[in-house]
Amino acid sequence: MKKTIQHICRTVAAALLALSATGCTLTGSDKEARDAARQWAEAYFNGDYHEAERLTAGESRKWLLLAASNTTDAMLQLLQAEGGAAADIRSFAAASDTTAAATVGVSRYMLPAAIGGQPATAADGLFVLNMVRRNGRWLVKIGQLPRAVRTADRRQNGTQSRD
């Protein structure tokens, strides 16, 4: 498991380095993409799937529906009791005028739970979001439920443990 996470982190870092080596600089459009990625992450990880949908590419909306159908009131209550999720952009790389990748740090987010399992949160996680620009708007494009490339400080029902 640890080697898999390290491999993913190295792959993501290499991809972002390759994208940044293309000579792209931060433009107004890049700022819009960064803002959209942060807003999407905060909405998604706080269980506000309607707001996240507004910033999601059409073909990715099925994943929001899946996430929403697996989110319980107990999960949202635990998340709210811990102050809710917060997101910040750790790195950003534009591959072109219409595609980019944002690495987003998310604090206090809900971990996926097994069916019937207890809700749990993580103190910090790192996620890579693919961005596409359509009709003048930056949107998040996902092909699966977001998975952290790194997590820390797993909490279950308000108690802290280590992964």
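What is the percent of Cα-Cα separations in region 62-119 that go past 12 Å? The calculated P(r) of region 62-119 puts 74 percent of pairs beyond 12 Å. Run the paramagnetic zone check for ARG134: 7 angstrom along Cα to Cβ, then residues of region 52-67 with backbone nitrogen under 11 Å. Taking a point 7 Å out along Cα→Cβ of ARG134, the residues of region 52-67 whose backbone N falls under 11 Å are 55-62. Over region 79-152, the reciprocal of the mean inverse Cα-Cα separation, the Kirkwood hydrodynamic radius, stands at 13.7 Å.
Averaging the Cα positions of each part gives two centres, and for region 96-153 and region 38-58 these lie 10 Å apart. Accessible area per residue for region 69-108 is 46 Å², calculated with a 1.4 Å probe on protein heavy atoms, without ligands, DNA or RNA.
Return the carbon/sulfur percentage of the accessible area of region 44-146, one whole number, probe 1.4 Å, all protein chains in place.
Working: 2580 of 5010 Å².
Answer for region 44-146: carbon and sulfur cover 51 percent of the accessible area.
Using a Förster distance of 30 angstrom, determine the FRET efficiency expected from the C-beta separation of THR98 and ALA68, and round it to 0.05. E(calc), rounded to 0.05, equals 0.60. Using only side-chain charges placed at the Cβ, +1 for Lys and Arg and -1 for Asp and Glu, the dipole size of region 36-127 relative to its Cα centre rounds to 120 debye. Within region 24-114, all pairs of alpha-carbon atoms sorted by distance into 10 Å bins from zero give the percentages 16, 44, 30, 9, 1.
Here the calculated FRET efficiency for ILE115 and GLU82, from their Cβ-Cβ distance with R0 = 30 Å, stands at 0.85, rounded to the nearest 0.05.
The values are calculated or read from the model by the stated rules, or taken from the named source; none is laboratory data. As the structure is a computational prediction, the values presented were derived from the model and not from experiment. In this analysis, Cβ positions are derived from the backbone assuming ideal geometry, glycine residues included, and neighbour counts consider all displayed protein chains. In case anyone asks, the SASA skips ligands and DNA or RNA and just uses the protein heavy atoms, side chains included. Shrake-Rupley method; radii C 1.70, N 1.55, O 1.52, S 1.80 Å.
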